[in-house]
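Notes follow once the structure below has been shown.
Values in this text are rule-based calculations from the coordinates and carry no lab data. Computed from a predicted structure; not experimentally measured. Glycine also receives a Cβ, built like all others from the backbone with ideal geometry; neighbour counts cover every protein chain displayed.
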Amino acid sequence: MGGLLHGICIRLYDQSRFRQAARRFTDPEVLRSSLAAVILRMKALKLEAIDEFPFVDPPPRRAITDGQDLLRELDAIDEAGDLTDTGRKLARLPLDPRIARVLLAAHEGGCLREALIIAAALSVQDPRERPLDRQQAADQAHARFVDPRSDFTGYVKLWDWWQAEQGQRAPGESKRGLAARLGGNSCRPKTARMGGCACSAQRIGERAEVARQHAARCL
């Protein structure tokens, strides 16, 4: 929320441009996001079809079609638009349907641990981002996590490294303190030192634990 009292607002463009380009209100989320998750949830709750639902701001037909096509690709709905067994399982996971489908396939393939780490890593800032003035140092710091087979397995290596470092924490040392120590007291996500990787790994771990709890209940 912004301020509600009288004041001065300084804008970095002139008034004529503001009147031409700016909108009074931000577009509703339903008009800006993929509708696959919305459609999946509506079907799981047995609501009416999305193109018949009385939205205040109805989504464009193209967005509805794209969401339905994605759900068919994920085997979440059949050609008639009804939920499949896979779709019912996906609807129980509070995740993007694409990520949920990855976890479901991983559960069936016996590699859920690794998939949880990768799914969590996709929701945080990439620790491999490099400061322009320290790109070489960043590459050296991140080299231990490089996996020629896949960038995704690099996330798993990062997580395993963080787990190993946690086992060597000093008595009473917090995870944040460990991340700062590994990075020379620097815990910025884009640092070229290992602190950035440690902070990112910590956030990956937090999200992976949440995803693991959901998966344990739903898969």
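Calculated translational diffusion coefficient of segment 30-75 (10 °C, 1.306 mPa s; Stokes-Einstein with Kirkwood radius over alpha-carbon pairs) equals 149 µm²/s.
Normalised by 2.2 N^0.38 Å, with N the number of residues, the alpha-carbon radius of gyration of segment 80-133 equals 1.49.
Using alpha carbon coordinates only, what is the Rg to Rh ratio of segment 51-172, with Rh defined as the Kirkwood radius?
Ratio value, two decimals: 1.12.
Could you order the peptides 47-57, 70-80 from most to least packed, using the average number of other C-beta atoms within 10 Å per residue?
Details: 47-57: 11.0, 70-80: 16.6.
Descending packing order for the listed peptides: 70-80, 47-57.
Phi angles across segment 135-150 convert, under the Karplus curve 6.51 cos²θ - 1.76 cosθ + 1.60 with θ = phi - 60°, into 3J(HN,Hα) values of 5, 5, 5, 5, 4, 5, 5, 8, 4, 5, 9, 6, 10, x, 6, 5 Hz, Gly and Pro given as x.
Cross-link candidates for Lys46: which aspartates and glutamates have Cα within less than 17 Å, leaving aside residues fewer than 8 places away along the same chain? Straight-line reach from Lys46, under 17 Å: Asp78, Asp82, Asp85. For segment 114-126, the Karplus equation 6.51 cos²θ - 1.76 cosθ + 1.60, evaluated at θ = phi - 60°, returns couplings of 5, 5, 4, 5, 5, 4, 5, 5, 5, 9, 10, 5, 5 Hz by residue, with Gly and Pro reported as x. In this structure the amide hydrogen of Ile77, modeled in the peptide plane, comes within under 5 Å of the amide hydrogens of Arg72, Thr84, none closer than 5 places in sequence on its chain.
Where does the Debye-calculated log10 I(q)/I(0) of segment 49-121 sit at q = 0.13, 0.17, 0.18 Å⁻¹, using only Cα point scatterers of equal weight, no solvent? Reported log10 I(q)/I(0), two decimals: -0.46, -0.71, -0.77.
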